[in-house]
Amino acid sequence: MDQLIIEGPTKLEGTVKVSAAKNAYLPILACVLLSPKPVHLKNLPKLRDIKTMMVLLKNLGVQISEKGEWTTFDASKVISQEATYDLVKTMRASILVLGPLLTRFKYAKVSLPGGCAIGARPIDIHLNNFAKLGAQINLEGGYVSAETDQLNGCSLVLSFPSVGATENILMGAILAKGRTIIENAALEPEIEDLGNFLIKMGAKIEGLGTSRIVVDGVPFDELKEVEYEAIGDRIEAATYIMAGLATKSTLTVKGFHTNHLEAVLTALSEMGAKIDRDEYEVTVYPSDLKGINIETSPYPGFPTDAQAQLMALTSQVEGVSIITENIFENRFMHVPELRRLGASIELKQKTAVIKGESHLKGAPIMCTDLRASAALVLAALASSGKTKIQRIYHLDRGYECLAEKLSQLGASIDREKNVPMS
Ligand code: EPZ
């Protein structure tokens with residue numbers, strides 16, 4: 001397994017451009033299965049999760065070709081509607097193929113994703129609403145199978161604004177007969193991006209960006225060939241912005257819609273961060289920051305995917321911070337690792353109390369999940385001495401060329417390949 005060696009404390013300097021959003025492209029890749037016409041996607045980020053989804057599509061019979069910054073998908077000859085455990089277990093987002101397979105082929109069999117480090121992450125909201133659309137759902141042998149003569153549109157109310165459930169149901173509704181109304185839909189920007197892609201593909205959708213999405217099903221043969229590039233990755237952007245602040249650097253982060261990060265930018269400003277911004281880029285400056293109290297919540301609230309990174313930052317600021325994680329039941333796996341660097345963090349159920357101005361010292365630490373790993377990198381940049389970060393395959397899921405991008409910004413960071421696990 002590879003590991004990162006980071007020598008801190010370090011300053012960062014310059015400009016970093018974020019990649020296209022993983023959490024927009026994953027559902028868009030699932031949409032490839034909806035149509036027999038080619039789909040051309042631009043600048044797919046080179047991430048493990050994207051590769052996993054592409055392998056899953058190939059296993060189902062999708063032809064994939066790459067030319068320069070474009071990747072073309074041809075799902076005219078899908079030969080299977082079954083997503084097997086060996087792939088799904090490595091990436092929960094595989095469940096997103098359920099909606100497209102079910103609505104096009106009237107059948108889908110997907111391995112249950114199972115839990116992951118950050119929580120049980122059930123899919124009841126997905127399945128209950130597919131049943132309301134007319135699917136027979138069967139859970140057996142670790143798989144969920146869904147079949148129908150025809151999905152029929154109806155009014156649905158999600159019991160929680162689940163991102164994945166909103167996306168899965170939205171994709172399933174595209175070819176359903178009649179009108180589907182999704183109330184209490186999640187508002188994350190990646191869902192609006194998915195919807196814009198689907199409209200370019202020929203779908204009829206109203207209400208994108210609101211909690212009430214209305215879909216009028218269209219005939220399968222009306223779907224069109226489509227070219228698309230997803231929005232920039234707001235969580236990658238938040239990660240670099242907080243890395244800049246944690247190392248008291250002047251750093252520009254570009255390539256994303258800054259209005260997709262309002263809650264994060266507002267929180268950082270409240271902490272005293274000096275920030276310049278325009279529509280597609282943010283520049284942070286060395287700032288004397290003070291602690292903050294935040295709670296994660298569904299968009300437009302503070303994103304759970306930026307919680308771990310904020311915790312690493314608050315270990316460096318003046319005063320005490322309180323972070324409450326409301327979305328996932330076990331998303332504090334980064335705390336024991338941050339403590340190994342010297343952070344002073346107390347946990348009480350879903351709340352963390354972080355004492356500021358910790359003088360972090362480099363140490364061997366270990367990644368546990370994607371965003372926790374990003375928090376460890378931030379902390380290592382601010383720590384004095386050498387930090388070895390193991391199990392960085394977690395990082396590779398969601399950060400394209402992280403070590404290279406940080407090294408270009410002046411960080412002392414090396415990736416050691418195939419190091420035996422200690
Ligand atoms: C998406 O996961 C993201 N993943 C996650 O990002 C992100 O943390 C999450 O949304 C919340 O913003 C992708 O987009 C691929 P949810 P998802 O359904 O869809 C519960 C990352 O770091 N729930 O909104 O799985 C669930 O247990 C990843 O890039 C049910 O109870 O999130 C959780 O507590 C991590 N039943 C809460 O809702 C369901 O049927 C939010 O989950 C579905 C969800």
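The values are calculated or read from the model by the stated rules, or taken from the named source; none is laboratory data. Predicted model, so just to flag it, every value in this text is computed and none were measured. Positions of Cβ are backbone-derived with ideal geometry, glycine not excepted, and every protein chain shown enters the neighbour counts.
Data overview
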read-out: The stretch 116-128, residues that are on the phi < 0 side of the Ramachandran plot, near the ligand (Cβ under 9 Å from one of its atoms) and not in a strand (DSSP E or B); value: I118, A120, P122, I123, D124, I125, H126, L127, N128
read-out: Subset of the stretch 346-362 (residues that are closer than 23 Å to C116 by Cα, surrounded by 16 or more Cβ atoms within 10 Å (Cβ to Cβ) and away from the ligand (no atom under 16 Å from the Cβ)); value: A352
read-out: Subset of the stretch 295-312 that is near the ligand (Cβ under 10 Å from one of its atoms) and either at pLDDT below 95 or part of a helix (DSSP H, G or I) (or both) - its residue that is farthest from E262 (Cα to Cα); value: A308
read-out: So S111, is it polar (S, T, N, Q), loosely packed, with under 15 Cβ neighbours inside 10 Å and at pLDDT below 95; value: no
read-out: Filter result for the condition that a residue is among the acidic types (D, E) and out of contact with any strand residue (DSSP E or B) (no Cβ under 8 Å at 6 or more places or on another chain), over E229, E206, E190, E183; value: E190
read-out: Where a residue in the stretch 221-243 is touching a residue at least 40 places away in the same chain (Cβ under 8 Å) and its partner, wherever it lies, is basic (K, R) and part of a loop (DSSP other than H, G, I, E, B), with Cβ under 7 Å and at least six apart; value: L223/K37; K224/K37; E225/K37
read-out: Failed item, numbered, when R48 is tested on (1) surrounded by 14 or more Cβ atoms within 10 Å (Cβ to Cβ); (2) out of contact with any Lys or Arg (no Cβ under 6 Å at 6 or more places or on another chain); value: (2)
read-out: Residue list for the stretch 54-72, restricted to those being closer than 26 Å to V144 by Cα, surrounded by 15 or more Cβ atoms within 10 Å (Cβ to Cβ) and over 22 Å from the mean Cα position of the chain (by Cα); value: N59, L60, G61, V62
read-out: Extreme residue, farthest from the ligand (Cβ to nearest atom), among residues of the stretch 5-55 that are of a type in the set (S, T, Y) and closer than 25 Å to S80 by Cβ; value: S35
read-out: Identity of the residue in the stretch 77-113, within 18 Å of A146 (Cβ to Cβ) and part of a loop (DSSP other than H, G, I, E, B), that ends up nearest to the chain's Cα centre (by Cα); value: P113
read-out: Unique residue being in contact with a strand residue (DSSP E or B) (Cβ under 8 Å, 6 or more places away or on another chain) and within 16 Å of the ligand (Cβ to nearest atom) when the list is R339, R391, R415, R371; value: R391
read-out: Residue count, the stretch 149-188 (criterion: more than 21 Å from the chain's Cα centre (by Cα), crowded, with 24+ Cβ neighbours inside 10 Å and near the ligand (Cβ under 10 Å from one of its atoms)); value: 0
